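The values are calculated or read from the model by the stated rules, or taken from the named source; none is laboratory data. None of the values given here were measured: they were computed from a predicted structure. Cβ atoms come from the backbone with ideal geometry, glycine included; neighbour counts cover every protein chain shown.
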Amino acid sequence: MTRCERLLEVLEARGLDAALVHRPENVRYLTGYTGEGCAFICRRETAIVTDFRYVEQAQRQAPGLPVAQTTAECRERERVRELTDACGVRTLAVESDFLSYDDHEALRRAVPFVELRSLGGAVEKLREIKDAGEIECISRACEIASRAFVNILERIHPGMTEKQVQILLDYEMLSLGSEANAFDTIAAAGANGSLPHAIPSDYIIQPGDLLTLDFGAKVGGYCSDLTRTVAFGRVRPELREIYDLVLEAHLAALSALRPGAICADIDRIARDMIDARHPGAFGHSLGHGVGLYIHEQPRVASGSKTALLPGHAITIEPGVYIPGLGGCRIEDTAILTADGYLDPVTAPKQFIEL
């Protein structure tokens with residue numbers, strides 16, 4: 001069964017005739033097409049709606065799917081009206097969490113006899129469980145990012161700026177075969193390490209600093225996500241204690257991964273360990289799903305009742321962040337299997353002094 005056919009089963013169970021998909025990751029997942037435009041999914045016809053610039057690309061990436069070409073005189077919403085009329089559509093699901101209000105209203109006016117309903121994350125739900133091809137891409141992306149990290153260890157040193165380390169790491173991932181960064185690389189040294197999503201700056205790394213690197217490669221559109229923290233020479237005892245604690249929490253959470261485990265329970269394992277010594281210093285969730293987009297379902301967080309299943313790809317990323325002192329985060333991307341998990345991240349986790 002194709003991915004479009006799986007979505008159609010969901011639509012039919014909800015009493016919906018068709019779907020109009022705009023989110024790029026969802027269009028790619030369903031059709032393979034990566035350009036601009038949208039995908040019209042219906043039992044009678046599935047089509048890519050796009051303009052002249054992307055027609056050939058759509059034909060190459062989604063062979064067998066017709067392309068409804070838009071023009072200045074016949075815009076996207078007019079093409080959608082033609083498709084809904086031809087297929088007898090009366091209920092059309094749209095990505096209400098992605099379309100702007102203006103675009104939604106323009107579409108509603110263009111198809112006045114069609115009821116627009118929310119797609120409600122149906123495609124994202126299908127994307128949660130990765131198949132063998134998706135797992136291969138994520139694993140390869142993890143391998144590239146891991147190798148890039150190891151390769152730069154002998155080249156980074158005090159006196160470099162955070163931006164210079166970021167550029168070096170990004171270049172290394174691209175050189176090793178990454179299609180693009182999975183997200184903007186984080187490089188946070190010294191006191192900046194207390195910022196979980198720090199933006200690399202002109203701060204000059206000093207002896208005694210910890211440097212946190214959060215980065216990921218991309219293969220076949222699929223992301224990897226990993227974080228490593230390294231020391232430049234001897235660090236303060238408080239920083240070493242933080243590192244050891246974060247590593248202990250990271251390994252404990254990983255060891256609890258198995259099908260059926262509840263996400264909130266995994267989060268609690270790491271959170272309780274950190275809160276016992278640094279209350280309130282671990283303020284974000286333990287992890288999240290990874291796939292075509294860097295943050296997907298399921299959330300590995302307190303309050304999440306999701307049971308892990310084979311094919312879930314998630315991050316495990318505990319951290320400690322203390323303003324004025326610094327911080328540490330250690331993260332892997334893990335993939336659930338039938339009897340446990342696969343960890344394709346090979347970057348070393350032991351305390352590294354450069």
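Would you call C87 under 23 Å from L126 (Cβ atoms) and surrounded by 22 or more Cβ atoms within 10 Å (Cβ to Cβ)? No; evaluated as a whole, the condition is false for this residue. Residues that are within 20 Å of G233 (Cα to Cα) and either assigned by TED's automatic domain parsing to the domain that holds H157 or touching a His at 6+ places or on another chain (Cβ under 6 Å) (or both) within segment 323-354 comprise G324, L325, G326, G327, C328, R329, I330, listed in sequence order. So for segment 148-162 (the condition being among the basic types (K, R) and within 30 Å of A281 (Cα to Cα)), does at least one residue qualify? Within segment 148-162, none of the residues are among the basic types (K, R) and within 30 Å of A281 (Cα to Cα).
A quick yes/no check of all residues on (1) within 16 Å of L226 (Cα to Cα); (2) not β-branched (V, I, T):
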{"position": "L254", "(1), (2)": "yes, yes"}
{"position": "I269", "(1), (2)": "no, no"}
{"position": "D275", "(1), (2)": "no, yes"}
{"position": "A281", "(1), (2)": "no, yes"}
{"position": "G289", "(1), (2)": "yes, yes"}
{"position": "K305", "(1), (2)": "no, yes"}
{"position": "A334", "(1), (2)": "yes, yes"}
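Going by what's in this entry, would T337 be described as of a type in the set (S, T, N, Q), at pLDDT 95 or above, surrounded by fewer than 23 Cβ atoms within 10 Å (Cβ to Cβ) and out of contact with any Phe, Trp or Tyr (no Cβ under 9 Å at 6 or more places or on another chain)? Spelling it out, T337 is indeed of a type in the set (S, T, N, Q), at pLDDT 95 or above, surrounded by fewer than 23 Cβ atoms within 10 Å (Cβ to Cβ) and out of contact with any Phe, Trp or Tyr (no Cβ under 9 Å at 6 or more places or on another chain). Which numbered condition in (1) in the same structural domain as E238 (by TED's automatic domain parsing); (2) farther than 23 Å from I316 by Cα; (3) part of a loop (DSSP other than H, G, I, E, B); (4) without any contact (Cβ under 8 Å) to a residue 60 or more places away in the chain is the only one that V165 fails? So the condition that V165 fails would be (3).
Can you find a residue in segment 116-125 that is more than 15 Å from L7 (Cβ to Cβ) and either crowded, with 20+ Cβ neighbours inside 10 Å or at pLDDT 95 or above (or both)? The answer is yes; a qualifying residue exists. The residues on offer are A132, A148, and the sole one that is exposed (fewer than 15 other Cβ atoms within 10 Å of the Cβ) and either of a type in the set (A, V, I, L, M, F, W, C) or at pLDDT below 95 (or both) is A132.
Looking across I262, I266, I274, one residue alone is crowded, with 20+ Cβ neighbours inside 10 Å, without any contact (Cβ under 8 Å) to a residue 60 or more places away in the chain and over 16 Å from P196 (Cβ atoms). It is I266. Only one entry of E162, E128, E172 meets the criterion of being farther than 23 Å from I335 by Cα and in contact with a strand residue (DSSP E or B) (Cβ under 6 Å, 6 or more places away or on another chain), and that entry is E162. Within segment 188-210, track down each residue that is over 27 Å from the mean Cα position of the chain (by Cα) and either more than 17 Å from G319 (Cα to Cα) or hydroxyl-bearing (S, T, Y) (or both). Residues satisfying the conditions are D202, Y203, I204, I205, Q206, P207, G208.
Among the residues in segment 147-159, are any aromatic (F, W, Y) and in a helix (DSSP H, G or I)? Scanning segment 147-159 turns up at least one residue that is aromatic (F, W, Y) and in a helix (DSSP H, G or I).
For segment 103-121, the criterion of being within 20 Å of the chain's Cα centre (by Cα), closer than 18 Å to A13 by Cβ, in the same structural domain as T31 (by TED's automatic domain parsing) and touching a residue at least 24 places away in the same chain (Cβ under 8 Å) is met by at least one residue.
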